[in-house]
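Enquirer: Please see the structure below; I have some questions.
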Amino acid sequence: MWNALVGVMKEAYTASLGEGTVPRPVMMPLVRGELVGLIWVRPLKVGQDALAGIAELANIAAAAGADEVVLAWETHDVATACELPVVGPAPCLNMVLATRDGHVLHQFPYSEQLLSRSPVGWASVAPDWRPAPAPQPGGELVPPIQAAVDFSFTPIELDHPDPFGVAVVLMEEDGYRISLTEAFAR
């Protein structure tokens, strides 16, 4: 499953960068090894809103009772949105695989090969994937990603017969893009 998720994220980055954008942070919760779906962060304002918006990715994982989560984000993009220093390789696709017992940080640095530039200055680039450093058990995570990991395993207290369904609806209303797998779709 891990290799498939890495492949999907690298493909998503290649496609988005080719269109001149960086994919938003995304969470992929798993329950007993089965992927729940993909949850992309809502549109964010720079600063506190970005910190909160990224941490809130955990709501679906918590509501689903996830036993594993994978988060993916771009180093510079999250640092800029959250007004944090850039830590680690940049540009870089970061992925963390986490359970209640800990996490492993994987980094996939790349350089950008310019494909084209629009008349208003937007650049279309292709990632040239560089050798990945060794996975880092317990590797340092930026605060909003660490919060999302921590909150993913904190049960959500909703007085409703379908807390998962409620969490999905509320997050979609807030602007999160959610794509559930068939097993978890309602």
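Enquirer: Write out the trypsin sites (Lys or Arg not before Pro) in region 1-102 meeting two conditions: DSSP loop, and at most 15 other Cβ atoms within 10 Å of their Cβ.
Expert: Details: sites: 10, 32, 45, 100; in loops: 32, 45, 100.
Answer in residue order: 32, 45, 100.
Enquirer: Give me the percent relative contact order of the chain, please, defined on Cα pairs under 8 angstrom at least 6 residues apart.
Expert: Once divided by the residue count of the chain, the mean separation gives 26 percent.
Enquirer: Between residue 134 and residue 2, take the C-beta separation as r, use R0 = 22 Å, and let me know the FRET efficiency to the nearest 0.05.
Expert: Working: r = 15 Å, r/R0 = 0.68.
The calculated FRET efficiency here is 0.90.
Enquirer: Springs between alpha-carbon pairs under 10 angstrom, Gaussian network model over the chain: which of 22, 142, 120 fluctuates most?
Expert: Answer for the Gaussian network model of the chain: 120.
Enquirer: Now for a different question. Kindly state, as a whole number, the per residue volume in cubic angstrom of the convex hull around the alpha carbon atoms of the chain. Kindly include the intermediate steps, with their values, before the conclusion.
Expert: Numbers: hull volume 22.9 nm³, N = 186.
Convex hull of Cα atoms, per residue: 123 Å³.
Enquirer: Go through 133, 70, 156 and say which Cα lies farthest out towards the positive end of the charge dipole of the chain; charges sit on Cβ, +1 for Lys and Arg, -1 for Asp and Glu.
Expert: 133
Enquirer: Using just the Cα positions, wrap region 91-186 in a convex hull and report its mean projected area in square nanometres, one decimal place. Mind showing how you got there, number by number?
Expert: Values: hull surface 39.6 nm².
Average projection, Cα convex hull of region 91-186: 9.9 nm².
Enquirer: Can you give the accessible area per residue of the chain, in Å², using a 1.4 Å probe? Present the calculation step by step, with values, prior to reporting the outcome.
Expert: Values: 9440 Å² over 186 residues.
So the chain comes to 51 Å² accessible per residue, rounded to a whole number.
Enquirer: If the elastic network links every pair of Cα atoms under 10 Å, which of 64, 134, 12 fluctuates the most in the Gaussian network model of the chain?
Expert: 134
Enquirer: Another question about this same structure. Determine the order of 162, 101, 174 by accessible area, beginning with the largest, at a probe radius of 1.4 Å.
Expert: 101, 174, 162
Enquirer: Further, regarding this structure: Rounded to a whole number of µm²/s, how large is the Stokes-Einstein D of region 26-76 at 10 °C and 1.306 mPa s, given Rh as the Kirkwood radius over C-alpha pairs? Mind dumping the intermediate values first?
Expert: Values: Rh = 11.4 Å.
Approximately 139 µm²/s, per Stokes-Einstein.
Enquirer: Also: Can you work out D for region 1-60 in µm² s⁻¹ from Stokes-Einstein, where Rh is the Kirkwood radius over C-alpha pairs, the temperature is 20 °C and the viscosity is 1.002 mPa s? Present the calculation step by step, with values, prior to reporting the outcome.
Expert: Working: Rh = 12.8 Å.
My calculation gives 167 µm²/s for D.
Enquirer: Where the accessible area of the chain is counted over protein heavy atoms with a 1.4 Å probe, how much of it, in %, is carbon and sulfur?
Expert: Details: 5200 of 9440 Å².
On the chain, the fraction of accessible area on carbon and sulfur atoms equals 55 percent.
Enquirer: Subtracting the Cα-Cα distance from 0.36 nm times the residue separation, let me have the gained length for residue 162 to residue 19 in nm, one decimal.
Expert: Details: separation 143, 0.36 × 143 = 51.48 nm, distance 3.81 nm.
Gain on extension, residue 162 to residue 19, equals 47.7 nm.
Enquirer: Region 1-104: which GluC sites (Glu not before Pro) are DSSP loop and have at most 16 other beta-carbon atoms within 10 angstrom?
Expert: Values: sites: 11, 19, 34, 56, 68, 74, 83; in loops: 19, 56, 83.
Here the GluC sites (Glu not before Pro) that fit, given the DSSP loop and packing criteria, are 19, 83.
Enquirer: To the nearest 20 debye, what charge dipole does region 29-75 have about its Cα centre, counting +1 at the Cβ of each Lys and Arg and -1 at the Cβ of each Asp and Glu? Numbers along the way, then the final one.
Expert: Values: 3 positive and 6 negative charges, 28 e Å.
Using only the charged Cβ atoms, the result is roughly 140 debye.
Enquirer: What full-extension length gain, to one decimal in nm, is calculated for residue 126 and residue 12 as 0.36 nm per residue of separation minus the Cα-Cα distance? Kindly include the intermediate steps, with their values, before the conclusion.
Expert: Numbers: separation 114, 0.36 × 114 = 41.04 nm, distance 1.15 nm.
Result for the pair: 39.9 nm of gain on full extension.
Enquirer: Please identify the GluC sites (Glu not before Pro) of region 107-164 that satisfy two criteria: DSSP loop assignment and at most 15 other Cβ atoms within 10 Å. Which are they?
Expert: Details: sites: 112, 140, 157; in loops: 140, 157.
Hits after loop and neighbour filter: 140, 157.
Enquirer: Which sequence of 111, 116 reflects their accessible areas, 1.4 Å probe, from the largest down? Mind dumping the intermediate values first?
Expert: On the way: 111 25, 116 60 Å².
Output order, biggest surface exposure first: 116, 111.
Enquirer: What dipole magnitude, in Debye to the nearest 20, does the chain give about its Cα centre under +1 on Lys/Arg Cβ and -1 on Asp/Glu Cβ? Walk me through the numbers on the way to the answer.
Expert: Working: 10 positive and 22 negative charges, 101 e Å.
So the magnitude is around 480 debye.
Enquirer: To continue, here is another question. Can you compute the helix-only [θ] at 222 nm over the chain? Use -39500 (n - 2.57) per DSSP H run of at least 4 residues, normalise by all residues, nearest 500 deg cm²/dmol. If you can, show how the numbers build up before the last one.
Expert: Numbers: 6 runs with 61 residues, N = 186.
Result for the chain, helices only: -9500 deg cm²/dmol.
Enquirer: Continuing with this model, one more query. Would you mind computing, in nm to one decimal, how far apart the modelled labels at residue 99 and residue 87 are, each placed 7 Å from Cα along Cα→Cβ?
Expert: Modelled inter-label distance: 2.4 nm.
Enquirer: Could you tell me the accessible area of residue 128 in Å² (1.4 Å probe, neighbours in place), rounded to the nearest ten?
Expert: 60
Enquirer: For a Förster distance of 41 Å, can you work out the FRET efficiency between the beta-carbons of residue 80 and residue 179, rounded to the nearest 0.05?
Expert: Values: r = 25 Å, r/R0 = 0.62.
My answer for the efficiency is 0.95.
The values are calculated or read from the model by the stated rules, or taken from the named source; none is laboratory data. Since we're looking at a predicted model, the values are computed, not measured. Using ideal geometry, Cβ is built from the backbone for each residue, glycine included, and neighbour counts are taken over all protein chains shown. The area values use the complete protein model at the heavy-atom level, side chains included, leaving out ligands, DNA and RNA. Shrake-Rupley method; radii C 1.70, N 1.55, O 1.52, S 1.80 Å.
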